[in-house]
Amino acid sequence: MASSRTTGTRTGSRSVLRQPDPATGWYPVARSADVGTTPVPVGAAGQAYVVVRLRPRAEVTALPARCPHRLVPLAAATVVDGRLRCGYHGWQFNAEGRCVDVPSLGADGTPPPRADLSLPWAVEERDGWVWLAPERTSVTRPPRAGGAPPVPEPVPAPPPPAGPVFGNLDPSLDAAWHPVALSSELLEGGYVQTRLLGRTWTVHRRDGAPDADPPAWGVTERHGLVWVAPAEPRHGLLDVPDADEPRATSGWLLPARTTAPAGLLADALLDAAHVPFVHPGAAAGHVVPGHDVAPEPGGFSSVQAPGPGSRHRVTHRYRAPFQLLLRVEDLDSGAVRTVVSLLQPEDADSTRVYTRLLLTGPRGRSVPRDVVAAEVAAAQAALAEDLAQQATMASAGLPLLPRDELHVPADRLGVALRRALADLAVGG
Ligand code: FES
Ligand SMILES: [Fe+2]
C-alpha cells in the first residue's frame with residue numbers, strides 16, 4: 001500500500017505530503033488495489049478516462065471514457081478475453097486502444113480506423129497508486145507519493161458530443177403529434193394530467209372526445225392512445241395496417257418510463273446490432289443483414305430480406321419524431337409479429353414508452369390469449385433490458401453531427417433517424 005512505500009519527508013511523527021507537481025504531467029487517479037477487471041472511471045487534467053486490468057493482476061490500461069461508436073461510457077464495459085468489450089454492440093478494444101472487433105461486420109469485417117481509441121501518453125503504477133500522464137512529459141516516471149496519499153481529481157463527466165444533440169425539449173417538437181395517455185387511462189367525464197415537452201397538460205374526455213388544456217392545435221385518438229399536437233404538425237401519424245387486420249390479436253405492454261431522451265431510445269428500437277449484447281436471451285446473430293432505407297413522407301421504411309438460414313422478412317417503419325413499427329413475417333407459415341413503439345417526450349430527462357403487440361398466427365389463425373400474454377411478458381422484459389442499457393448512456397440527446405459518432409453499415413436506420421430529426425430541427 002502507498003503508506004508503506006512512500007518517501008515523504010518525516011517531521012517528527014507527521015508525514016509531510018510531497019504533492020505531485022502538476023509540471024510533471026503525472027496525475028494520481030486511483031489506488032492500485034481498487035483497479036481490477038471492472039473499469040473504473042477516473043479524471044486527469046480535466047479529461048475523463050477509465051482504468052482497468054484486461055486480465056486479473058495484469059498491468060493497468062487507461063482508455064478514454066466513451067466508446068467511439070455511440071458514445072456509451074466505457075465504465076459500463078466488461079473485460080472479455082483480455083479486451084474491453086462495450087456493452088451496447090460488443091465492439092472490443094485491446095490494451096493499445098485498437099478496436100479489434102465490430103461484431104455486426106462479421107468475422108471477416110475490418111473495424112474502421114476511426115474506431116481506435118486515442119490513449120493517454122502513459123499509465124503506470126507506483127507506490128500503490130495508478131498514475132496517468134495524458135500528454136507526453138519529460139518526466140518519465142510518476143513522482144513518488146509523499147507521506148500522505150495523493151489526492152486524485154474529481155471524476156469529470158465523459159465529454160459531451162461536439163455538435164448539437166436532439167433532446168426531449170427541442171423546440172421543433174411542438175409541431176408534431178405526441179402520445180400523452182393510453183385511451184384506457186382517460187375515462188368518460190374524467191381527465192389525466194400528463195407531461196409533454198416540459199409542460200403539464202390536462203387532457204379531458206367529454207362526450208367521448210378528448211380535449212386538452214392548455215389548448216393544443218390538435219387532440220386526437222388513434223392506435224389506442226390519446227395524441228396531442230401543440231402546434232400544427234409537420235407530419236401525420238404512423239399507419240399501422242396490422243391494427244386493422246381482423247385476425248390480428250393485440251396486446252399492450254405496461255407503459256414504461258426512462259430517463260433517456262426519446263431520440264436515443266428510438267435509435268435503440270431501430271437497431272439490430274445491440275440485440276445479442278443487450279438481450280442475451282434473444283436468438284439473434286451478430287451480423288446485421290444489409291438493408292436499404294426508403295424515404296417516406298415524415299420518415300422512412302426498410303425491408304430486410306431473409307438472411308442466410310432465415311425465413312423471416314423484417315420491416316421497420318418510422319415516422320418523426322418518435323413513432324416506430326417493427327414487423328416480422330414468417331414467410332413459410334405467414335405468422336406476423338408487429339411491435340408498435342410510441343414515445344412521449346415528457347421532460348428533458350423523462351420519456352414515457354407505449355408498446356403494442358399485434359400478432360397473427362400461422363396461416364392467418366388467431367393467436368391464443370395465453371400465447372399473447374407470454375409474448376407481452378417477453379416483450380416487457382426485453383424493454384426493461386433496453387431501458388437499463390439506456391440508463392448508462394449519460395447523454396442529453398441523440399447526436400446529430402455525423403462525425404460525433406462512428407457509423408458502420410449496420411447503423412443505416414440510425415443514420416436515417418438522425419437525418420429525420422435533424423430535418424425536423426431545422427423545420428423540414
Ligand atoms: S459498441 Fe459501444 S456504443 Fe456501440
Ligand atoms: Fe433492444
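Where a number appears in this text, it was derived from the coordinates with a stated rule and is not lab data. From a predicted model like this one, the values you see are computed outputs, not experimental measurements. Don't worry about glycine lacking a Cβ; one is built from the backbone with ideal geometry, like all the others, and counts go over all protein chains shown.
Worth a mention:
- Computed on region 177-233, the Cα convex hull volume stands at 68 Å³ per residue.
- In the chain, the DSSP-assigned H stretches of four residues or longer account for a calculated mean residue ellipticity at 222 nm of -3500 deg cm²/dmol, using -39500 (n - 2.57) per stretch and the full residue count as denominator.
- The chain: radius of gyration over Cα atoms, expressed as a fraction of 2.2 N^0.38 Å: 1.17
- Stretch in the chain that is longest and holds no trypsin sites (Lys or Arg not before Pro) that DSSP places in a loop and that have at most 11 other beta carbons within 10 Å: 137-310
- Remark: the GLU59-THR140 segment gains 27.4 nm on full extension, using 0.36 nm per residue and subtracting the alpha carbon distance.
- Kyte-Doolittle mean at least -0.5 and Cα axial length at least 30 Å: DSSP H helices in the chain: 369-390
- Selection from PRO306, VAL165, ALA30 lying farthest towards where the dipole of the chain points positive, charges on Cβ: ALA30
- Sorting GLU188, GLU125 by the number of Cβ atoms found within 10 Å of their own Cβ, with the fewest placed first, yields GLU188, GLU125.
- Cysteine residues of the chain whose Cβ has no partner cysteine Cβ closer than 4.7 Å: CYS99.
- The dipole here belongs to the chain: it is taken about the Cα centre, uses +1 on the Cβ of Lys and Arg and -1 on the Cβ of Asp and Glu, and is about 1360 debye.
- Region 215-295: Cα Rg divided by the 2.2 N^0.38 Å rule of thumb: 1.44
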